[in-house]
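A quick write-up on the structure given underneath.
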Amino acid sequence: MNAAIKIALVDDEVLFRKGISFLLQREDNIDIVFEASNGEELLSYLNDNEIKPDIIVMDLKMPILNGVEATKIIRKSFPEIKIIALTSYDTKSFVANMIQVGAVGYLIKNTTPKDLIYTINEVARKGFHYNENVLRTIKETIVSTKNSKGNLETGFLSPREIEILQLICQQKTTSEIAEHLYLSPRTVEGHRNNLLLKTESRNIAGLVVYAIQNEIAVITI
């Protein structure tokens, strides 16, 4: 039996947060390890406790320290922790900004319980999950700003690395990529780590953004 997914919930709307907590605690494979009302409370917990969450489900607009700034700090200090944004804001600028600072998932508060649970499980399984709306936003935002940023040189990626990057963009897991390419999971992990280093991406979500920006992968919605 796999270990339970450890979750931290961060939202200043107490009633909403408690409702999400109640919902998730009904799942056999999910444990709520901490709740916070703002980013500062969350960071205090992370700094003071050995038990860390695998995934943080976090609102954006909160007092003292908001979700965007908290995500920036967590990505630097605790890079192994995955962050899913759960917010009322669905504008492209908010979505794009959170993805750029390191969120591996983005959900709107009117999402269904089923979608929230599915996203948490997918993030735990493969490191990120974007639904169609978020993928569309990433695609449109990056394509529209691509020319101003300028394409990065992609010639330093090997054909195998490009192949693996394209499969990552199809939201395949390491084991699925390994099976598809007749490689060992360890070999795929090695290529994935090289991709992170070569593209200077902070996480798998960053690789997806890089691939779209440089037209290595085409996301079909």
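The values are calculated or read from the model by the stated rules, or taken from the named source; none is laboratory data. As the structure is a computational prediction, the values presented were derived from the model and not from experiment. Note: ideal-geometry Cβ built from the backbone for every residue, glycine included; neighbour counts use all protein chains shown. When the accessible area is computed, the model is the full protein with side chains, heavy atoms only, and any ligands, DNA or RNA have been set aside. Shrake-Rupley method; radii C 1.70, N 1.55, O 1.52, S 1.80 Å.
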Could you please tell me the mean projected area of the C-alpha convex hull for segment 23-167, averaged over all directions and given in square nanometres to one decimal? 10.4
Amide H proximity to ASP31 below 5 Å, modelled H, separation 5+ or other chain, gives ILE5, LYS6, ILE7
Using alpha carbon centers only, segment 66-102 is separated from segment 2-57 by a whole-angstrom value of 16
Percent of accessible area on the chain owned by carbon and sulfur, 1.4 Å probe? 50
Could you calculate the FRET efficiency of ALA3 with ASN110 from 1/(1 + (r/R0)^6), where r is the beta carbon distance between them and R0 is 30 Å, rounded to 0.05? 0.45
Within the chain, helix-based [θ] at 222 nm, where runs of 4 or more DSSP H residues each add -39,500 (n - 2.57), nearest 500: -16500 deg cm²/dmol
Calculated FRET value between GLU200 and ILE162, using beta carbons and R₀ = 22 Å, to 0.05: 0.85
Just to be sure I understand the model, the point goes 7 Å from the Cα along the line to the Cβ. What's the resulting THR91 to PHE16 distance in nm? 1.6
Can you give the relative contact order of the chain as a percent, counting alpha carbon pairs under 8 Å and 6+ residues apart? 15
Of the peptides 44-55, 199-210, how do they stack up when ordered by the mean number of other Cβ atoms within 10 Å, highest first? 199-210, 44-55
Just order 184-193, 3-12 by mean Cβ neighbour count inside 10 Å, highest at the front, would you? 3-12, 184-193
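Over the chain, what is the percentage of antiparallel beta bridges among all DSSP beta bridges, to the nearest 5?
In the chain, DSSP labels about 0 percent of beta bridges as antiparallel.
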For PHE78, list long-range residues whose amide hydrogen, built 1.01 Å from N in the peptide plane, is under 5 Å from its own amide hydrogen. none
Given a 1.4 angstrom probe, what's the average accessible area per residue across segment 12-68, in square angstrom? 54
